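The values are calculated or read from the model by the stated rules, or taken from the named source; none is laboratory data. What you see is a predicted model; the values in this text were computed from it and never measured. Counting neighbours? That spans all protein chains shown, and the Cβs are built from the backbone with ideal geometry, glycine included. Just the protein is used for accessible areas: all its heavy atoms, side chains included, with ligands, DNA and RNA removed. Shrake-Rupley method; radii C 1.70, N 1.55, O 1.52, S 1.80 Å.
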Amino acid sequence: MSISETDAPAVATTAPAAGHALRIGGQSYPVVLPKLRDPRLHVAAVAITIHVLGQVGLHFQVSVPQILSAALTAALIGLVVEFRTSRRIVWPASAMLTGSGVGLILRVPTTPLGDHWTMHKWYVFAGVAAFCMLVKHTIRYRGGPLFNPSNVGLVVAFLVLGSTRVEPLDFWWAPVNGWLILAYVAIVGGGLLITRRLRLLALAATFWVGLAVGLGLLASTGHCMTARWAFTPVCGFDYWWVIVTSPEMMIFLFFMITDPKTVPKGRVGRVLFGLMVAVTCVLLMAPQTTEFGTKIALLGGLVLVCATRPLIDRLVPAPGSDEDRVGRFALAAITGGKPGTRLARRVARVAAAAAALTLVGVGVVAAGASAREVVGADTDEVLGRVPHEIDPSTFPEITVDQGVLDWNHEISGAGAQQIVLTLAENLELETQALLRDDESVLHAVDHGDRLDDMLGRLHDARTTGTTVVERYVIDDVHVTLLVPFGRQDGLSLGLESTGTKTTETYDADGDLQSSESSPFATTFVLRRATGGRWLNVAELPLVDAG
């Protein structure tokens, strides 16, 4: 998610250092630097560690200039605003954390992979960071920001710019290795120390437990989402486990929802805030079928609950009062409290709000039923009625790119041969579907752009009475990994193929009218889009084919 600003923690923050001043135009201005005990420096240390690990070992698709453009833009705005309001030069620790959070979460899909120093669309990062700072300084509540700046800025950016221009960091970062373990140590270790010090650990724990329970219930219904790091839809227990243990979730948990300036001050208020964020996030995530939508729902849950903070402050006991005890408040909620007391009235309001949330939750989860059955129906019956036997002796030469093996070592040898066999069967089944005018077969072997293309060809055949089919003899195949950009859709395999293609034309009576053979070079894209069979999802030009 995003690293939040923590510009007013409960312990030591910034203070003027004796003797530090800067003269500008004959006038002296105090210079304020952060103290070593300032929690913002500790959050910054965690953020810098993750940025470094992302560049060195985790292969984040973001460059150093993109990160710096966000951080420096926010810092400059923070310096200027503080100078105009207090006539002091204050180190912009909070603003830099806001910009750093944008650089950590925001991605531009067209950023070149592995180019650490590209300036590609740096202005997008700078613009989003500037918007975050605008929200911070214009939407205020009790002298502080109502929303977590980086959180609300990222949500607006994703919704307004759309998935083809920007996208959030993935839930899944990498296979378990030394780099990922270091990232977990930095995030969880640093997060526990900082939230405990700021007395926000109860809020964080309440949110995580609430989210885990809610997502567990959602996952038990068969909920699925597609993700570009998985060949198949992520469903059930895998869906639950990936999200609740994601390093991205840990960042959201420890460094975003626990922003001291954007959460209630009292103990009861903070626990209630954490629970409400968890419930709202689960309700928003329920209808989502993609990782992009799921991530925005998670971020959006915090935005919505932050907007209700003035109401939360009215519902809960005053911070530091005798009633501001979680155990006492919970007991009163269970027993109903003493009739007519202020605490009883507050408990009644909370109970009414909880009942309303429950009713809304039932409706939202019911509306998300379409996300629970991403896995397609069994296609054996459909495929069984169409001949599609492939002679193994005609198998082409198969090579597998090292990137594929690094991702999944099972896609080699017999595993790769089976995938190529499925491709050959799918191509033959497409031909049979066109010749037999059987749309159901296309749905059994195709998906996405490929399905749209083949259905269009079937429609043309019905309209014109002329059917054009293509039969392939594949000489060699090189299997590559295709990571989609823009929609965080499922991970795919690219089967770079060359050989001979025979184009046949049939009339309305099914009689062959013409046949023409020619060499072909193309990339067939396959993905287990419905969780079962490898399906043809696209056909792309083969780069440097000749």
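Figure note: Leu159, Leu304 ranked by solvent-accessible area, largest first, 1.4 Å probe, ligands and nucleic acids not counted: Leu159, Leu304. Between Leu435 and His120, the simple label model (points 7 Å from Cα in the Cβ direction) yields a spacing of 4.4 nm. Highest mean packing first, where packing is the average number of other Cβ atoms within 10 Å per residue, the peptides 318-325, 240-247, 140-147 line up as 240-247, 140-147, 318-325.
Annotation: per residue accessible area for the stretch 264-329 equals 36 Å², rounded to a whole number [probe 1.4 Å, protein chains only].
Placing Cys235, Cys224 in order of accessible area, with the largest value first and a 1.4 Å probe, yields Cys235, Cys224.
Taking 25 °C and 0.890 mPa s as conditions, the stretch 403-546 diffuses translationally at an estimated 153 µm²/s according to Stokes-Einstein applied to its Kirkwood radius (Cα pairs).
Packing-wise, with mean Cβ within 10 Å as the measure, how do 205-216, 87-98 rank, highest first?
Top to bottom by mean Cβ count within 10 Å: 87-98, 205-216.
Between Ser412 and Arg314, the contour length at 0.36 nm per residue exceeds the alpha carbon distance by 29.1 nm.
For Val400, the residues whose amide H sits under 5 Å from its own are Val479, ignoring neighbours fewer than 5 places away on the same chain, with H placed 1.01 Å from N. Note on Ala202/Gln27: beta-carbon distance plugged into 1/(1 + (r/R0)^6) with R0 of 35 Å gives a FRET efficiency of 0.15. Spin-label pair Leu113-Val185: with each label point 7 Å from Cα along the Cα-Cβ axis, the two points sit 2.8 nm from one another.
Tell me, what is the per residue accessible area of the stretch 401-546 in Å², probe radius 1.4 Å?
For the stretch 401-546, the solvent-accessible area averages 47 Å² per residue.
In summary, the convex hull built on the alpha carbon positions of the stretch 20-84 has an orientation-averaged projected area of 6.0 nm².
When the dipole is taken about the Cα centre of the stretch 418-546, and only Lys, Arg (+1) and Asp, Glu (-1) are charged at their Cβ, what size is it in debye, to the nearest 20? Computed charge dipole of the stretch 418-546: roughly 520 debye. One chain, two ends: Val326 and Leu421. Fully extended at 0.36 nm per residue, the span grows by 28.1 nm beyond their Cα-Cα distance. Evaluated with a Cβ-only charge set (Lys, Arg +1; Asp, Glu -1), the stretch 125-215 carries a dipole of roughly 480 debye about its Cα centre, given to the nearest 20.
Using the average count of surrounding beta-carbon atoms within 10 Å as a protection proxy, the listed peptides 460-468, 74-82, 33-41 rank, highest first, as 74-82, 33-41, 460-468.
How much length is gained on full extension from Thr505 to Arg88, taking 0.36 nm per residue of separation minus their Cα-Cα distance?
142.2 nm
Once R0 is set to 51 Å, what does the formula 1/(1 + (r/R0)^6) return for the Cβ-Cβ distance between Ala521 and Arg37, expressed as a FRET efficiency to the nearest 0.05? Walk me through the intermediate numbers first.
Working: r = 64 Å, r/R0 = 1.25.
Using R0 = 51 Å, I get an efficiency of 0.20.
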